[in-house]
Amino acid sequence: MSNLVHVLDDTSYVELLDAMASDLKVVNAARVSYKKKSLEMTPRDVKLIDFLMREGHGSPFEHCVFQFEVKAPLFTVRQWQRHRIASYNEQSGRWTEFEPEFYSPDEKYRQWNEKSYQEYLDRLAAGEPKERARMVLGTGIYTSFWFTVNARSLMNFISLRSGETAQSAIQEYSKALEHHFRVMMPVTWAAFDRNNRKAP
């Protein structure tokens, strides 16, 4: 199964770079209180995860960590970074030149994005520093960033950003994150889904 999921178009994606995450890790983080350890998942362990989720015992889920690379339009990234219980490193428009990649839901947006990008190139050609020239670009420009997050905070993100009141673009990214979460931690994901999709 691919670690890369395209989201809004062929440019945008969520890619799982690395993970220290499993259902067994949650179980063993919970059982350390009793100096016990499971070597493989059992039906009893599945019940334990459901109990932890249902009763709001969230700290064992924090020992599972996901690292993603994300390419998204700037307007989505700014919403995303409201979730502060995570680590971020983003492409710098001060040090790098933006590529002509935009989220353009229709022809009018495409034309506007192309015009603003040409203005950006003209300013760079005239010797304006990147950090100033970038100010003419709209929030549809794509940027990329790393997002490192524990499973508890990831569930909170999914819960909030998959809801009907979330902006449609970030809902699509949330679904891509949830795909990776479900693959890596199927028992935990099922308990999350059964318990009203609320982070413990």
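Bear in mind that the values in this text are calculations on the coordinates, not laboratory data. The structure presented is a predicted model; accordingly, all values stated were derived computationally and were not measured. Using ideal geometry, Cβ is built from the backbone for each residue, glycine included, and neighbour counts are taken over all protein chains shown.
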message: For the stretch 81-137, what does the convex hull of the Cα positions come to per residue, in cubic angstrom?
response: 100
task: Taking the Cα centre of the chain as origin, work out the dipole magnitude from +1 charges on Lys and Arg Cβ and -1 charges on Asp and Glu Cβ, in debye rounded to 20.
output: 1140
query: How would you classify the stretch 148-200 from its alpha-carbon gyration tensor, with a ≥ b ≥ c the square roots of the eigenvalues: rounded for a/c under 1.5, else prolate if a/b is greater than b/c, otherwise oblate?
result: prolate
query: Based only on Cα atoms, what Rg/Rh ratio does the chain have, Rh being taken as Kirkwood's radius?
result: 1.08
message: Compute the helix-to-body angle for 168-184: its Cα long axis versus the longest principal axis of the chain, expressed 0 to 90° and rounded to tens.
response: 40
query: Where in the stretch 150-200 are there GluC sites (Glu not before Pro) that are in a DSSP coil and have at most 14 other Cβ atoms within 10 angstrom of their Cβ?
result: 164
- request: Would you pull out the residues with amide H under 5 Å of residue 21's amide H, same chain only if 5 or more places away, H placed 1.01 Å from N?
  value: 65
- line: Nearest 10, in degrees from 0 to 90: the angle of helix 151-161 to the longest Cα principal axis of the chain is 60
task: Compute the Rg/Rh shape ratio of the stretch 1-86: radius of gyration over Kirkwood radius, all on alpha-carbon atoms.
output: 1.09
- prompt: For the charge dipole of the chain, defined by +1 on Lys and Arg C-beta atoms and -1 on Asp and Glu C-beta atoms about the Cα centroid, which residue among 185, 26, 92 has the Cα displaced farthest towards the positive pole?
  reply: 26
field: Cα-based Lys proximity count in the stretch 55-187, under 25 Å, for pairs eight or more positions apart or on separate chains
entry: 5
task: Could you list the chymotrypsin sites (Phe, Trp or Tyr not before Pro) in the stretch 71-121 that lie in coil according to DSSP, counting only those with at most 12 other Cβ atoms within 10 Å of their Cβ?
output: 95
field: Cα-based reach from residue 25 at 16 Å (exclusive), listing lysines while leaving out same-chain residues under 8 positions away
entry: 35, 36, 37, 47
